[in-house]
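Comments concern the structure below.
The values are calculated or read from the model by the stated rules, or taken from the named source; none is laboratory data. The shown structure was predicted, so the numbers you read here are calculated from the model rather than taken from an experiment. All Cβ positions, even for glycine, are placed from backbone atoms using ideal geometry, and neighbour counts span all protein chains on display.
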Amino acid sequence: MDSLRLPSLNALTVSHSSFQKEQRAKFSGKLNYFNSSMPPSLILSPPFRTLNRHRHRRVMQMQAADEDYDLKQMRDMAAAKRRWDAMIREGKVNVLTPREAGYAIQLNNKTLLDVRPSVEKKKAWVKGSTWIPIFEVDDRFEMGTISRKITNFIMGGWWSGVPSLSYDNQFLSKVEEKFPKDADLIVACQRGLRSLAACELLCNSGYRNLYWVQGGLEAAAEEDLVIEGPQPLKFAGIGGVSEFLGWTDQQRVAAAKEGWGYRLLFSARLVGIFLVADALFLGVQQVSRYIQDIRSH
């Protein structure tokens, strides 16, 4: 994977970068406000000034590291896009719309290779497809993975429901076990980016009859593909609080079709969250008063 210089998971997810920048902007804004609002009369003693300088230096180092990380992500993604554009332009990978992919699968018995992670595949999948994920949910509990999971959750995973994923080093070997190098493979993921990364790996390993589903399975209309699973295919890539509240683009489109009944369900959930938050707040107040009464006696 490193030799191919594939972009990292954060770049391929196409979900958290703007959220991260907003959070860092808010954090930076709070720091600026704190520094600018210090009254001149508050003169810190030398030890506290030194401590403040150390903290400020650490904050600056963290911000610089975040900026370098974002810059690296942008460069990796730009480099990957250039490689993928060249791969398609040179005819190494053929482009199909979801409808064309459906025709090829149903009429010509072509194989659809689903490279999505299990959290998306278990919600909905194309009938008769072969599932071999290129990125899978990282279930390891190690120091490095735990910190990455916490960062992923804080930086937007709680909202989007996207878990911490890791590249499957056995992806190529799993594909080679099932399909010869001359097999016709239609490669698809939820939105089209991970499948492009998979196509690059497969092309470099010797596969020559590759087809990429442009826009991913999420771009498919209901009649394009034969779908199985408990949810609509368009909903396979959503999750977290945004899905619970019905604030995703896919759910808004569904709400426009379903009418008020669909909207009322999510409105009731939102009201329920406010009621629970209010009840917790009142409960905390009551407990604090009770503790104060005990201390006073």
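A few notes on this one:
- Helices (runs of 4 or more DSSP H) fully within segment 221-296 that include at least 3 residues being at pLDDT 75 or above: 249-258, 260-296.
- For segment 39-147, the helices (runs of 4 or more DSSP H) that sit wholly inside it and include 3 or more residues that are modelled with pLDDT under 65 are 46-89.
- Thr97 vs. criteria surrounded by fewer than 17 Cβ atoms within 10 Å (Cβ to Cβ) and either in contact with a helix residue (DSSP H, G or I) (Cβ under 6 Å, 6 or more places away or on another chain) or touching a residue at least 12 places away in the same chain (Cβ under 8 Å) (or both): yes
- For the residues Glu218, Glu176, the requirement of being at pLDDT below 95 and not in a loop (DSSP other than H, G, I, E, B) singles out Glu218.
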